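Everything below concerns the one structure shown next.
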Amino acid sequence: MMVIAIIFDVSEKLDDFLKHDVPMEEIVFDYYLNFVFFYANLFSPLLIFLSVILFTSSMAFKSEIVAILASGISFNRLLAPYFIAGTILAVISFYFNHFVVPHASKERVAFEMAYVGYHAKNPHRDLHKQIKPGHFIYVENFNVDRQIGYKFSYEILKDDSLQYKLLADYIQWDTTTNKWELRNYFIREFKNGQQELYGGKIIDTTFSFMPDEFENKNQNIAMMDTPELDKFIAAEKLRGSELISTYQVEKFQRTAMPISTYILILIGVSFASRKVRGGIGLHLAVSVGIIFIYIFAMQVTKVYATKAGLDPFIAVWIPNFFFGLLAFYFYYRAPK
């Protein structure tokens, strides 16, 4: 599966590789090695499920399952080797999800940013954030490389009442003074019930935020291991970020995916152990349908968590819960 994925990816990115004259060593070790780590681990429960279907349906087609059960071995005993192997693979996947793959993603994404124009797909536009309680910043467009922003505003609210507002056409980070330079600025401030208005052409000032506040954090969370992600989520909660649900979905999926290995193994063995007229072909057709439904369910619940306010933990575990019920149904119907 990974060989096929690499072939398609090479055909898509070959022009970029040739255009930038990328060394073969970087392509193989910096990009495709980490590419395999990421996607093989991401789809490992589904690939394990397919392998279980192929192996078990082959045994059932040759009447080996019938012979095993007829010899007095229970169906639960038949499941034991599957779950032992599944546990080993799930533990490996769990460790990779939380610690290995995020660091591998750093090299993969860095390669894409250098040679494939990765950042062009993620413009830093219309960024609105709360940097600390009651303090809000907005920038219409921010250039990460040059650390320049356009149409900037900074607001301070207290008890839902505006206390301070700063507008500037241009904002740039000065690395020599570690200050922000604002141009064509206008300030509206309330003091003792009075409103003050003033502005100017250029001003250097300090804020409680750095240029990395304007980076696209959605891409960065995939490159954080779980301890780093926990710290990042805690910091974003203090800032009142609107993307907390997205970050939590990423965190909870790292555990939910390895656990789904057990559910899919139980479905696979229970379903494929019954000898049917369609043989391996029928088992494969049904299993592919189950995979598509599972992936679709994960995407739907993820959207509900990030867009409709569903609790991220519940959203991530809903597919496992319902497919767990399906697994016990197949287990109940399996030949004993």
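Would you check which residues across segment 11-49 are more than 23 Å from the chain's Cα centre (by Cα), buried (at least 18 other Cβ atoms within 10 Å of the Cβ) and assigned to a helix (DSSP H, G or I) and list them? Let's see the steps before the verdict.
Going through segment 11-49, the residues more than 23 Å from the chain's Cα centre (by Cα) turn out to be 11, 14-28.
Narrowing further to those that are buried (at least 18 other Cβ atoms within 10 Å of the Cβ): 22.
Once the filter is applied, which keeps residues that are more than 23 Å from the chain's Cα centre (by Cα), buried (at least 18 other Cβ atoms within 10 Å of the Cβ) and assigned to a helix (DSSP H, G or I), segment 11-49 yields nothing.
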Residues being at pLDDT 90 or above and assigned to a helix (DSSP H, G or I): count how many of those fall in segment 173-230. 5
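Does Asn178 satisfy the condition of being under 25 Å from the mean Cα position of the chain (by Cα) and either hydrophobic (A, V, I, L, M, F, W, C) or not assigned by TED's automatic domain parsing to the domain that holds Glu107 (or both)?
Values: under 25 Å from the mean Cα position of the chain (by Cα): no; either hydrophobic (A, V, I, L, M, F, W, C) or not assigned by TED's automatic domain parsing to the domain that holds Glu107 (or both): yes.
Here the answer is no, as Asn178 does not meet what is asked.
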Of the conditions (1) outside any strand (DSSP E or B); (2) without any contact (Cβ under 8 Å) to a residue 60 or more places away in the chain; (3) surrounded by fewer than 18 Cβ atoms within 10 Å (Cβ to Cβ); (4) of a type outside the set (D, E, K, R), Tyr164 clears all except one; give me its number. (1)
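Tell me, please, whether a residue that is closer than 30 Å to Gln163 by Cα, in contact (Cβ under 8 Å) with a residue 60 or more places away in the chain and either hydrophobic (A, V, I, L, M, F, W, C) or part of a helix (DSSP H, G or I) (or both) can be found in segment 95-109. Write out each step before concluding.
Here is the first cut: in segment 95-109, the ones closer than 30 Å to Gln163 by Cα are none.
No, segment 95-109 contains no residue that is closer than 30 Å to Gln163 by Cα, in contact (Cβ under 8 Å) with a residue 60 or more places away in the chain and either hydrophobic (A, V, I, L, M, F, W, C) or part of a helix (DSSP H, G or I) (or both).
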Is there a residue in segment 43-51 that is in contact (Cβ under 8 Å) with a residue 60 or more places away in the chain and on the phi > 0 side of the Ramachandran plot? no
Going by the structure shown, is Phe8 within 24 Å of the chain's Cα centre (by Cα), at pLDDT below 90 and in a helix (DSSP H, G or I)? no
Applying the selection to segment 283-296, what residues are closer than 22 Å to Ile68 by Cα and without any contact (Cβ under 8 Å) to a residue 60 or more places away in the chain? none
Of Lys237, Lys275, Lys251, Lys307, the only residue that is free of Cβ contacts under 8 Å to residues at least 24 places away in the same chain and touching a helix residue (DSSP H, G or I) at 6+ places or on another chain (Cβ under 8 Å) is Lys237
Qualifying residues in segment 192-215 (those that are charged (D, E, K, R) and over 29 Å from the mean Cα position of the chain (by Cα)) - the one nearest to Asn178 (Cα to Cα): Asp204
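Yes or no: segment 250-261 includes at least one residue that is of a type in the set (Lys, Arg) and crowded, with 17+ Cβ neighbours inside 10 Å.
Among the residues of segment 250-261, at least one is of a type in the set (Lys, Arg) and crowded, with 17+ Cβ neighbours inside 10 Å, which makes the answer yes.
The values are calculated or read from the model by the stated rules, or taken from the named source; none is laboratory data. Bear in mind the structure is a predicted one, so any value in this text is a computation, not a measurement. Note: ideal-geometry Cβ built from the backbone for every residue, glycine included; neighbour counts use all protein chains shown.
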